[in-house]
Structure formats: structure tokens, C-alpha cells
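Below is one structure, written out as C-alpha cells; comments come after it.
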Amino acid sequence: SEHCSYEDADIVIKEWNHIFATGNSAPVLLHLSDIIANGFFDVEPTARPLFSRVNVADMQSGEFNAFMLRVLTTLTELINKLHSPEVLDSMLEHLAKQHAAMHGVKHEHFHIFRDVLGSTFNQLLDEYNPDAWKNCMFGILFGISGNLP
Ligand code: HEM
């Protein structure tokens, strides 16, 4: 199924928030950020200039780490709203507008990002149910990127 069921959402919420239950989430988030950013730019090096404002030239910099933490913190907020579709949709609509205003961000980038998140979480989360994540991330990623060129 491609629909994020209540049970799928429960699984994703639990598997993601396990990071925060450890009590030492910051290094885990930074490690995930690093793997995700490198994975994304390995596949799509031409997207690097889109992130020059956040100092992608030095991916260990405070600016780039802070940017990646904003993205993962936002993803956390979205995941935690999977049971509240109206709130989730309004958050996604806001993110869709922000991303649409960034020249050069394309729908295809979100397909790459989806695959990189999937393989990263599959390897690094303590528990990862691929079907639940696939079903629920579809709505999140499509909600941000559905109207992009
Ligand atoms: C789950 C997926 C994503 C989430 C939750 C997300 C979230 C965010 C957030 C919170 C910001 C900062 C907005 C601000 O405060 O100014 C941002 C900026 C940005 N995002 Fe995303 N994003 C996602 C995927 C992507 C993808 C796949 C791309 C691909 C090109 C992308 C490109 C950008 C760019 C270029 C910026 C602006 C960086 C800057 O500040 O100069 N995002 N995103």
C-alpha cells in the first residue's frame, strides 16, 4: 500500500523518536546529517551550489551542520504530526512554498533525497520498517515537492 496508515505512522514515529529516547541525540543527528548530505551530493553533485549560502563548501562547518540540523528537526516535527493530517498539511504547504521560491530546487532532487534517506535510515536507525517508512515519507516528500518543476 502507498497509504500511510495509522499503524505505519505509529511505527515511523516510534522508530524515529528512538533517537531522542537515547538521551544523547545530537551526535546521532549530526552523524545522520553527514551521511545524508554526502549521499545526496554523491548522486547529485550539481545541486551543491544551491547550498552555498549555508557554506556547503565546508560540510563540517557550523553553518552547514546548523542547516542540516534545521532540516532534520523539521523532519522530526513533520513525523510527529503524522497522526494530525491537517496540521501536517499546513506545515507541508509552508515548506512547499519555501522550496518553490528557491531557484534550482527540482522535484527530481526529492526522489534522490528519498532514496538517500531510505538507505541511511535503514542502515543507521536501530529499527527500520521499510514499508511503513516508504508509505509515510511519500506524503511528506510529495507534500514539499509535488509542485516543483
Ligand atoms: C524532508 C525533506 C526536506 C525538509 C524537511 C527540508 C527542510 C528545509 C528547511 C527547514 C529549510 C530552511 C528554511 C529556512 O529556514 O530558511 C530548508 C532550506 C533549503 N532546502 Fe530543504 N528540506 C527538505 C528537502 C530538500 C531537498 C531534497 C532539497 C534539494 C535541493 C532542498 C533544498 C533546500 C535549499 C536549497 C534550502 C535553502 C538553503 C539556504 O538557506 O540557503 N531541501 N529546507
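None of the figures in this text is laboratory data; all of them are computed from the coordinates on show. All values reported here derive from a predicted model rather than from experimental measurement. For neighbour counting, all protein chains shown are included, and Cβ atoms are generated from backbone atoms with ideal geometry for every residue, glycine included.
By the count of other C-beta atoms within 10 Å, a proxy for reagent exposure, His103, His3, His94 are ordered fewest to most as His103, His3, His94. Computed from backbone phi, the HN-Hα couplings of region 62-69 come to x, 4, 6, 4, 4, 4, 4, 5 Hz, rounded to whole numbers (Karplus: 6.51 cos²θ - 1.76 cosθ + 1.60, θ = phi - 60°; Gly and Pro given as x).
The label point for Asp131 and the one for Glu77, both projected 7 Å from the Cα toward the Cβ, are 3.2 nm apart.
Assuming charge only on the beta carbon of Lys and Arg (+1) and of Asp and Glu (-1), the dipole of the chain about its Cα centre is about 500 debye to the nearest 20. Annotation note: GluC sites (Glu not before Pro) in region 45-142 located in DSSP loop regions with a Cβ neighbour count of at most 11 within 10 Å are Glu127. With a Förster radius of 22 Å applied to the beta-carbon distance between Leu50 and His111, the computed FRET efficiency rounds to 0.90.
In plain terms, the residue of Lys134, Lys97 with the fewest other Cβ atoms within 10 Å comes first and the most crowded comes last, giving Lys97, Lys134. Annotation: the residues Ser33, Ser61, Ser25, sorted from fewest to most other C-beta atoms within 10 Å of their own C-beta, follow the order Ser61, Ser25, Ser33. Just checking the listed ones, Met68, Met91, Met102: in the Gaussian network model of the chain with Cα springs under 10 Å, the one fluctuating most is Met102. The stretch between Leu30 and Asp58, if pulled fully straight at 0.36 nm per residue, gains 8.6 nm over its current Cα-Cα span.
Would you please classify the overall shape of the chain from the alpha carbon gyration tensor, given that a ≥ b ≥ c denote the square roots of the eigenvalues, rounded means a/c under 1.5, and beyond that prolate means a/b larger than b/c while oblate covers the rest? Oblate, since a/c reaches 1.5 and b/c is not below a/b.
Potential lengthening of the chain between Arg70 and Tyr6 amounts to 20.4 nm, from the contour at 0.36 nm per residue minus the alpha-carbon distance.
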